[in-house]
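Have a look at the structure below, then the notes.
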Amino acid sequence: MAFGKKKQKNNNKNLNKDKINDVNMQSPKETIGFADSKSSVKKKTIAGKKSLRNSVFAGLLVVGALLVLAFVVHHLYDYIAAKPEFSFITTGTVQHTIGAKALIVRDEVLVGSDSQGDLVTRSTEGSRVATGQTLAMVVPENMASVALDLRNTQSQISDIQQELIASGLGAEAKIIFDDVDEQIEPIIDRIRLDAMSGNISDMSSYESSISVLTDTRETLLSELEFNDERINVLRNDETVYENQLASSSSMVYAPNPGIVSFKIDGLESVLTFDTLINGSSDVISDYIDTSTGIITSDLYIDEDESAARISQNEMQYIAVILDDKTVSLNDFAVDSVHTINVDSEGVCIEHCVVERSEACDEGILIIFSTTRQVESLIDLRTVDIEIVITESTGLCASTISLVNPDYERGIATIYVNRNGFCEEMSVIIVDYDREFAIIEPMGDSSEPNRQTVIITNPSSVSPGEKVEN
């Protein structure tokens, strides 16, 4: 039995040796492949962990970036978001108007000249003159060089005056310059329009009109004292030239008092008050359509030609043709009073009385008379006007300030600033146009009033929200 166990033990040893020998007998390639397999598994494990770590880190970065972006967007929106804007409710007027081209007629006297030559004005355009006052002098051709020297001297004086004004001196002179510039601007506009259309036939007249205005400016400026030695010297030269011209020129005097103008269109003796009151509507309509807008002047006149015109009184007539589909004769009954706006001149003419109102082929012929703003329109024959049909005055707010306006029912809501908070308030719409509305309190309420602070951009806030004072 002992022998048997020993033999079995030896057999086990032999088996182990065989296994070792089997391993030792494996080829080198098989051994290397086994090692590579283990290394590959290890690398994949490490790469997987690294990829997971990178993914987590990238996710955190994305979340952080989104948080930062949300923070920036929130504050940027808060910065650029419309803030409530405030304004006191004021008293204003809403007007409903109708536009038309108007013909202007004045009671005028033409002043002729008994000689020919260049016209040098001695009175201010549009000013009131007395009987016998010197209006201008007509310079003969042999004195044209002296007239040119006079204008050159006046131009030098003007340049120095503008230099002094630019340096802060001569406030009164600046007012004169600005006023004349406003009168020259419409002429420049006409020059541009004619140039674009290829019409150069009136350029000399435009030039003459501008020269008349600059002469008027020099006359007004000559009455001012700049205390500048250069101007004093040039003033002496100017006086010398004027004396030379006066001794050789024909003088033009005012035959009667009134408003003088050196701009003439030849219709002064044709268009009269009687023409507008009793003339044919067709004839008046033709004058409205064909007459020039700005009356120009010519600085060279022939013998017996008109040198100036004088408006004898303060009355002027305004003729228009209105669309009978927009207005009716009842809107312009004879003796009714209306207001006319001349936007191009910045003029509002109140108390215009209807003298004639009748239907015609083109619509409705209306003739107004007025004593207002005669001087302001002295150089115009036709002009675009706006006639006020109706108007309402009261508490005024911009239409964009109204919330959910119901114009048919005449009600709306406004937002007001009440102790730093937005509060809505119902109002009645009395009247309105494209820009403004006349409003009044609803029922027995005493608000809104002129102390009410209205929010002018209601879309920027809601009722109950806090607003900045």
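Nothing in this text is a laboratory measurement; each read-out follows from the coordinates by a stated rule. The structure displayed is predicted, hence computed values, not measured ones. A quick note on method: Cβ atoms are made from the backbone with ideal geometry, for glycine too, and the neighbour counts reach across all protein chains shown.
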Practice problem: List every residue whose amide H lies under 5 Å from the amide H of residue 457, counting only residues 5 or more places away in sequence or on a different chain, with H placed 1.01 Å from N in the peptide plane. | Solution: 85
Practice problem: Return a whole-number percent for the relative contact order of the stretch 330-453, with Cα pairs under 8 Å and 6 or more residues apart as the contact set. | Solution: 17
Quiz item: Taking H as built 1.01 Å from N, whose amide H comes closer than 5 Å to the amide H of residue 102, not counting residues under 5 places away?
Solution: 383, 384, 385
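Evaluate E = 1/(1 + (r/R0)^6) for residue 233 and residue 197, where r is the Cβ-Cβ distance and R0 equals 56 Å; express this FRET efficiency to the nearest 0.05.
Details: r = 45 Å, r/R0 = 0.81.
For residue 233 and residue 197, the calculated efficiency is 0.80.
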Quiz item: Quick one: Karplus J couplings for the stretch 173-182, per residue in order, coefficients 6.51, -1.76, 1.60, θ = phi - 60°, nearest Hz, x for Gly and Pro?
Solution: 5, 4, 4, 5, 4, 4, 5, 5, 4, 5
Quiz prompt | Leading residue at positive end of dipole, the stretch 353-418 (Cβ point charges), from 369, 380, 392 | solution = 392
Practice problem: With a Förster radius of 41 Å, plug the Cβ-Cβ distance of residue 171 and residue 67 into 1/(1 + (r/R0)^6) and report the FRET value to the nearest 0.05. | Solution: 0.10
Quiz item: Between the DSSP loop rule and a limit of at most 15 other Cβ atoms within 10 Å, which GluC sites (Glu not before Pro) in the stretch 382-457 are left?
Solution: 408, 435
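Restricting attention to the stretch 366-469, which chymotrypsin sites (Phe, Trp or Tyr not before Pro) occupy a DSSP loop and are surrounded by at most 16 other Cβ atoms within 10 Å?
Values: sites: 368, 407, 415, 421, 432, 436; in loops: 407.
Here the sparse-neighbourhood loop sites are 407.
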Quiz item: Are there trypsin sites (Lys or Arg not before Pro) in the stretch 408-451 that DSSP marks as loop and that have at most 15 other Cβ atoms within 10 Å, and which are they?
Solution: 409, 434, 450
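Net charge near residue 437: determine it from the other residues with C-beta under 13 Å of the C-beta of residue 437, scoring Lys and Arg +1 and Asp and Glu -1. Can you show the working numbers first?
On the way: positive: 434; negative: 406, 431, 433, 435, 440.
Around residue 437, the surrounding residues sum to -4.
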